[in-house]
Amino acid sequence: MKKIIKCMALIVVFLIVYIGGGKLLDKLYFDKFDVVDYTGDTRYDTVNTVLDKRFKKADTAIVVNTEMIEQIVSIAPYAYNSKYPVFYVESYNVKKPVYEQMKKLGIKKVVLIGGTNSLNNRVERSFKRNGYKVSRIVEYNNTDLSIRLANMMADKKKVKAVGLVSNDVFDLPNAISFSPYAQKNNIPIIVISGKDDDPAKLKNYIDKKGIKKVFIITNKNTLNRNYGKMFENVVKISGKDRYEVNRNIMDRLYKRGEKIYVSKGGEVLHKRSIASGQLINAMAIAPLAADNNAPLLLIENNYLATADEKLVEERKYTQLNQVGFKIERRNFFNVERFKLVTTIFLILLSIFMVIRLLIKKDSTLAGL
């Protein structure tokens, strides 16, 4: 009995040391950074937190379906350079925090992106009932919408380059990584739908506007290489996945700086799609990153991976702006490669302790 009490006491001491030591290491780790938080209870609160930072008043707002990432990445540079706040709503419903923020900013007009398959007539009627003037930007597919927005941007300010990305679900986060740079430099992001007439539509636009430079932002071999042949100056940034592409964008397009904006790269669902929630957080913070000419870092877990830590250290970033989650210090037991090993070890240790107690109990009974 005394041995069991001693074991339990040792376990308690170990836990106290582990937890206490962890808190001390957390303090030492985060003391090197100024951590700024843009995280609300819901994605709508998170978006509003960023809007509060960027806008005091606004007359017109862009409204887009929170699930339509291909529309969201296309609209972002246009909205930024037009100084329009962007609100994300559900297909059939406008949440209360959206209306509260619009009232706070003094919004009078809303521009809905997409047809009724993107934003149902119920959404339009809801805005009209609440006294807003409503218009829509509707096009047949993603490429048509992107090029229309690109033309609208060029009508306001000279466009010298475009960014290309495919509408593959695993390619669209690359457009999010590129978005702060695109917004800052008035670069339209054109989403290629994969239609036969997409190249002709793109060529017509670049010839008409005299575009010489293109940024091709893609996972390996996702976008047809022939698109690059339309331009005199091609900058291709690629990688094995959205996280490598993200770091390559930072390497190619950004110098050392003080601030970095950190968001999650999207949860993969059944290996076929990416949930939009984390991507919306990233898009919400992208205009603020553009304001500060700072990069957006997409990470997979709640902590910085080895490659991320190396990048942050080399670039000497001192301010971490987190959006949608709290950055944690990576410790031994939450490193991905050790999850299976530590789980097996703990299971085997538990089995061993149970067997040992049973054997000891049998021995004690036999002695009686």
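The values are calculated or read from the model by the stated rules, or taken from the named source; none is laboratory data. These numbers were taken from a predicted model, which means no experiment stands behind them. Cβ atoms come from the backbone with ideal geometry, glycine included; neighbour counts cover every protein chain shown. In case anyone asks, the SASA skips ligands and DNA or RNA and just uses the protein heavy atoms, side chains included. Shrake-Rupley method; radii C 1.70, N 1.55, O 1.52, S 1.80 Å.
Taking θ as phi - 60°, what are the ³J(HN,Hα) couplings along the stretch 101-115 by the Karplus curve (6.51, -1.76, 1.60), each to the nearest whole Hz, with x for Gly and Pro?
These are the phi-based 3J(HN,Hα) values: 5, 4, 5, 4, 7, x, 5, 10, 10, 10, 10, 7, 9, x, x Hz.
Taking H as built 1.01 Å from N, whose amide H comes closer than 5 Å to the amide H of I299, not counting residues under 5 places away?
It is S263, K264, G265, by chain and number.
Taking H placed 1.01 Å from N in the peptide plane, check which residues at least 5 places from L164 or on another chain put their amide H under 5 Å from its amide H.
When sequence neighbours closer than 5 places are left aside, the close amide H contacts are I190, F215, I216, I217.
What is the log10 of I(q)/I(0) for the stretch 66-111, computed with the Debye formula using one identical point scatterer on each Cα and no solvent, at q = 0.24, 0.27 Å⁻¹?
-1.02, -1.16
Please compute one quarter of the surface area of the Cα convex hull for the stretch 110-195 and express it in square nanometres.
Details: hull surface 26.6 nm².
Its Cα hull, projected and averaged over all orientations, spans 6.7 nm².
Using DSSP to call loops (not H, G, I, E or B), can you name the trypsin sites (Lys or Arg not before Pro) in the stretch 213-242 whose Cβ has at most 14 other Cβ atoms within 10 angstrom?
Numbers: sites: K213, K220, R225, K229, K236, K240, R242; in loops: K220, K240.
For trypsin sites (Lys or Arg not before Pro) across the stretch 213-242 that sit outside H, G, I, E and B with at most 14 neighbouring Cβ atoms in 10 Å, the list reads K220, K240.
Keeping all protein chains in place, calculate the accessible area per residue for the stretch 102-209 (probe 1.4 angstrom), answer in Å². Numbers along the way, then the final one.
Numbers: 4850 Å² over 108 residues.
Per residue, the stretch 102-209 has an accessible area of 45 Å².
Aspartates and glutamates near K240 by alpha-carbon distance under 16 Å, same-chain residues fewer than 8 away left out - which ones?
D168, D171, D251, E300, D308
To the nearest 0.05, how large is the calculated FRET efficiency for K208 and Q319 if R₀ is 51 Å and r is the Cβ-Cβ distance? Walk me through the intermediate numbers first.
On the way: r = 41 Å, r/R0 = 0.81.
For R0 = 51 Å, the calculated efficiency reads 0.80.
Take every Cα-Cα distance within the stretch 178-326, group them into 10 Å bins from 0 onward, and report for each bin the whole-number percent of pairs it holds.
Going from the shortest bin to the longest, the percentages are 10, 37, 34, 16, 2.
Between their Cα atoms, which of K160/K201; K108/K201; K53/K326; K103/K184 are more than 25 Å away from each other? List each step's numbers first, then the result.
Values: K160/K201 18 Å; K108/K201 34 Å; K53/K326 19 Å; K103/K184 27 Å.
Violating the 25 Å limit, Cα to Cα: K108/K201; K103/K184.
Over the stretch 70-146, how many percent of alpha carbon pairs lie in each 10 Å bin up to the one with the longest distance?
Whole-percent P(r) values from 0 Å outward: 17, 54, 28, 2.
Looking at the stretch 228-277, which GluC sites (Glu not before Pro) are DSSP coil and have at most 15 other C-beta atoms within 10 Å of their C-beta?
Numbers: sites: E232, E244, E258, E267; in loops: E232, E258, E267.
For GluC sites (Glu not before Pro) across the stretch 228-277 that sit outside H, G, I, E and B with at most 15 neighbouring Cβ atoms in 10 Å, the list reads E232, E258, E267.
Probe radius 1.4 Å, ligands and nucleic acids ignored: give me the carbon and sulfur share of the accessible area of the stretch 181-272 as a rounded percent. All intermediate terms of the calculation are to be shown ahead of the outcome.
Values: 2020 of 4920 Å².
The value for the stretch 181-272 is 41 percent carbon and sulfur by accessible area.
Of all trypsin sites (Lys or Arg not before Pro) in the stretch 139-187, which ones are in loop regions per DSSP and have a Cβ with at most 12 other Cβ atoms within 10 Å? Before the final figure, lay out each step's value.
Working: sites: R148, K156, K157, K158, K160, K184; in loops: K157, K158, K160.
Sites meeting the loop and neighbour criteria: K157, K158.
How long are the three semi-axes of the equivalent ellipsoid of the stretch 31-178, in whole Å, if each is the root of 5 times an eigenvalue of the C-alpha gyration tensor, listed from largest down?
On the way: eigenvalues 103, 95, 51 Å².
In descending order, the three semi-axes are 23, 22, 16 Å.
Using modelled backbone amide H atoms (1.01 Å from N, in-plane), which distant-in-sequence or interchain residues come within less than 5 Å of V36's amide H?
Result for V36 returns L320, N321, Q322.
To the nearest Å, what is the center-to-center distance of the stretch 45-84 and the stretch 133-154, using C-alpha atoms only?
Measuring centre to centre over Cα atoms gives 15 Å.
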